[in-house]
1. Within the stretch 48-74, how many residues are surrounded by fewer than 23 Cβ atoms within 10 Å (Cβ to Cβ) and either of a type in the set (A, V, I, L, M, F, W, C) or under 27 Å from Leu172 (Cα atoms) (or both)?
2. Does Ile107 satisfy the criteria of being more than 21 Å from Ile70 (Cβ to Cβ) and touching a residue at least 24 places away in the same chain (Cβ under 8 Å)?
3. Can you pull out every residue in the stretch 131-146 that is surrounded by 12 or more Cβ atoms within 10 Å (Cβ to Cβ) and among the hydroxyl-bearing types (Ser, Thr, Tyr)?
4. Could you tell me which residue of the stretch 103-128 is surrounded by the fewest Cβ atoms within 10 Å (Cβ to Cβ), considering only residues that are in contact with a helix residue (DSSP H, G or I) (Cβ under 9 Å, 6 or more places away or on another chain) and of a type outside the set (A, V, I, L, M, F, W, C)?
5. Name the single residue that is modelled with the highest pLDDT among those in the stretch 75-90 being open to solvent by 10 Å² or more (accessible area, probe 1.4 Å) and among the aliphatic types (A, V, I, L, M).
6. With respect to Thr150, determine if the residue is modelled with pLDDT under 90 and in contact with an Asp or Glu (Cβ under 9 Å, 6 or more places away or on another chain).
7. What tally of residues in the stretch 127-157 results from selecting those that are farther than 20 Å from Gly66 by Cα, of a type in the set (A, V, I, L, M) and without any contact (Cβ under 8 Å) to a residue 12 or more places away in the chain?
Amino acid sequence: MADNENKKSNEEVKKKPVEKKNTANQEKNKKVETKEISGSYVTGIIGAIIGGTIGAVPWIIAYIYGNMMIALLAILIAGGAYYGYKICKGKITKKVTIIITIISIIIVALVTLLIIPVILIHTEGMNTNLATIQYLYQDEEFTSGIIRDTLIAIIFTAVGVAVVNSSIKKDLEEGVANSCLLYTSPSPRDRSVS
């Protein structure tokens, strides 16, 4: 019986360091997880708005000065929005896809329905004011054309969001967020502590 008790206590002693090691690894993983999603939705949203707006510039230029709508350029809006979100250290979670989608669609709608008509009015040498914009929208041909262009742009922006979504999933799986790049690589000091 004494031998059985000694065997049990030896087995318990052997298990304890392993359990301690697992607990330490779990704590380290928790720290990485909290770092991984740290950031601010507010700064990320501001960055997404700036990035999406910058992404819209080539599309606006092609529309106004190329006299054509290159719908593929609308994809840049979603990409720019996500890039701006990451640069401004937005909180990287699964909600980012929704945030980028909403911001991208708002930017597409504003650019197509307001900014492009204002620029068109200005390039024609007319006064840019609310009355002129209302007058422009009274033209059925212009209104139907701009609405069609808006819908096409939203579709291509959705394609851009799908591409961005795969990038978001990849970032979440790899644990890559700008705020934690330094943390994920242990320093020499961390390696020496055992």
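The values are calculated or read from the model by the stated rules, or taken from the named source; none is laboratory data. Source: prediction; values computed, not measured. Methodologically, a virtual Cβ is constructed for each residue, glycine included, from the backbone with ideal geometry; neighbour enumeration extends over all protein chains shown. Please note that ligands, DNA and RNA were not included when accessible areas were found on the heavy atoms of the full protein model with its side chains. Shrake-Rupley method; radii C 1.70, N 1.55, O 1.52, S 1.80 Å.
1. Summing the residues that are surrounded by fewer than 23 Cβ atoms within 10 Å (Cβ to Cβ) and either of a type in the set (A, V, I, L, M, F, W, C) or under 27 Å from Leu172 (Cα atoms) (or both) in the stretch 48-74 gives 15.
2. Taking the combined requirement at face value, the residue does not satisfy it.
3. Keep residues of the stretch 131-146 that are surrounded by 12 or more Cβ atoms within 10 Å (Cβ to Cβ), which gives 132-133, 135-137, 142-143, 145-146.
Thr132, Tyr135, Tyr137, Thr143 - these are the residues of the stretch 131-146 that are surrounded by 12 or more Cβ atoms within 10 Å (Cβ to Cβ) and among the hydroxyl-bearing types (Ser, Thr, Tyr).
4. Asn127
5. Ile87
6. Against the criterion (modelled with pLDDT under 90 and in contact with an Asp or Glu (Cβ under 9 Å, 6 or more places away or on another chain)), Thr150 does not qualify.
7. Residues in the stretch 127-157 being farther than 20 Å from Gly66 by Cα, of a type in the set (A, V, I, L, M) and without any contact (Cβ under 8 Å) to a residue 12 or more places away in the chain: 2 in total.
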